[in-house]
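Reading through the structure tokens given below for one structure.
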Amino acid sequence: MKKNNLKTILILLIIASAITDFFPSHEGPHFRYNGSNPLQNVLNLGTPLTLMIIDIQNAPYLFFSPESYVMIPLQLIIILGLVFLLRLLPKS
């Protein structure tokens, strides 16, 4: 694989991960957490899976979904793997 193609894939993957992890929606919580109120609107971060919720009325204000403990490290492993592969390829 060419180095330029790998750089393009890496950049697109970082952008896609940022969009899917931090895309906000302001509505009722998508998952239950300690102190959650289904009638109160909160900031849900992530699409199509809500990975985090920001709720300014319940401390500690940032709540992680169970899926986030798998998705975020998996994204980091893939991105770091591509960075490592990019460094291993010979300069062209």
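None of the figures in this text is laboratory data; all of them are computed from the coordinates on show. Every value quoted in this text rests on a predicted model; they were computed, and no experiment measured them. No Cβ is skipped: glycine too gets one built from the backbone with ideal geometry, and neighbour counts run over all protein chains shown.
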Inset, instruction - Any chance you could give the angle, 0 to 90 degrees and rounded to 10, that helix 68-88 forms with the longest Cα principal axis of the chain? - result: 10
Inset, instruction - Considering only Leu13, Leu39, Leu80, give the residue with the highest GNM mean-square fluctuation for the chain, with springs between Cα atoms whenever their separation is below 10 Å. - result: Leu39
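Can you put Phe84, Phe23, Phe31 in order, fewest other beta carbons within 10 Å first?
Working: Phe84 9, Phe23 14, Phe31 17.
Ranking Phe84, Phe23, Phe31 by Cβ neighbours within 10 Å, fewest first, gives Phe84, Phe23, Phe31.
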Legend entry - Solvent-free Debye scattering, log10 I(q)/I(0), computed from the Cα coordinates of the chain at q = 0.10, 0.16, 0.18 Å⁻¹: -0.36, -0.69, -0.78
Legend entry - Residues listed by number, the stretch 33-52, amide nitrogen under 16 Å from Tyr69 label point at 7 Å toward C-beta: 33-34, 51-52
Legend entry - Phi-based couplings in Hz for the stretch 5-15 (Karplus 6.51, -1.76, 1.60; Gly and Pro marked x): 5, 5, 5, 5, 4, 5, 5, 5, 5, 5, 5
